[in-house]
1. Quick one: in the stretch 139-161, of everything that is within 15 Å of the ligand (Cβ to nearest atom) and in a loop (DSSP other than H, G, I, E, B), which residue is surrounded by the fewest Cβ atoms within 10 Å (Cβ to Cβ)?
2. Among 165, 177, 88, which is the only one that is surrounded by fewer than 17 Cβ atoms within 10 Å (Cβ to Cβ) and under 30 Å from residue 208 (Cα atoms)?
3. Which fully enclosed strands (runs of 3 or more DSSP E) of the stretch 162-242 have 2 or more residues being within 11 Å of the ligand (Cβ to nearest atom), over 30 Å from residue 32 (Cβ atoms) and modelled with pLDDT of 95 or more?
4. Does the stretch 114-132 include one or more residues that are within 24 Å of residue 90 (Cβ to Cβ) and within 13 Å of the ligand (Cβ to nearest atom)?
5. Please specify each residue of the stretch 254-278 satisfying the condition of being more than 12 Å from the ligand (Cβ to nearest atom) and either in a strand (DSSP E or B) or touching a strand residue (DSSP E or B) at 6+ places or on another chain (Cβ under 9 Å) (or both).
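The values are calculated or read from the model by the stated rules, or taken from the named source; none is laboratory data. What you are looking at is a predicted structure, and each value in this text was computed from that prediction instead of being measured. Cβ placement follows ideal geometry from the backbone for every residue including glycine, while neighbour counts extend to all protein chains displayed.
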Ligand SMILES: O=C(O)CCC(=O)C(=O)O
């Protein structure tokens, strides 16, 4: 797998060098929003839904993804965890509590898989018309899937490591405009406060990107689970309890996280971050985001060797795959 990834990244580097000599402007006309900021003109949303997202930064659509599709993704996840299939470029993550314990087999050991863009079974989720027709209301008609995850939140060991700290997803993304990025997050089962539902702070999508760091939790924190520095839990939050197939769409500046899983079972959700196909990359050097970029590059070097010549933008290009309309995003690295 490492060899294949190296070849792909080598190819990306080649393209990048060519682009450096001949930079392409990635920013074209923005989709029409008719005075709205966070949604684009499109008949899919009712006026009330559109206004709700504008005001709150998230929108839940009930029973959006059919059960049979979610069963297919659950089966695929189990196959991947058993290593019956190997997906190129996939990142498999373990909860810090599981990682430090005795050998745990298969699905029980995996807390999250990330970057399934090269697996056509799981990637189908990102292409479902049920999902994409809504995504278009936020990104506009040109859509790229940039970041994919299937989260298998484990029953908490008692150390509260299954919590996900309050954060803003934009912290991880070296591309803009933020208002043309949206996450779709689908419950693969009943998800409630007991098994660690999503928690959101309404209207925080109207704020700025805040500084993130590892929370100083006694029981430890999972790799890359950064949280907002000095986060104050006094802000009004909403617990999004959802049934299987329910899907929440949310803005990348919306402050959110999830609670500990106090049930005995694993809690599954599948998600994708979508971005406008004409979005542009930004230089995050010396910004709040430098910290995550360094950490990601360090991880890639650990996997592929210290001599790998790759940038943070290359990694995002590799992770991204077009789903609808025009795609300049996976080609352009520069504004
Ligand atoms: O599914 C969860 O528990 C939270 C996921 C999340 O917020 C993230 O991965 O950014």
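1. 160
2. Details: 165 fails: surrounded by fewer than 17 Cβ atoms within 10 Å (Cβ to Cβ); 88 fails: under 30 Å from residue 208 (Cα atoms).
Result: 177 is the single residue among 165, 177, 88 that is surrounded by fewer than 17 Cβ atoms within 10 Å (Cβ to Cβ) and under 30 Å from residue 208 (Cα atoms).
3. Passing ranges, in order: 164-167, 198-201.
4. Yes.
5. Of everything in the stretch 254-278, those that are more than 12 Å from the ligand (Cβ to nearest atom) and either in a strand (DSSP E or B) or touching a strand residue (DSSP E or B) at 6+ places or on another chain (Cβ under 9 Å) (or both) turn out to be 274, 275, 276, 277.
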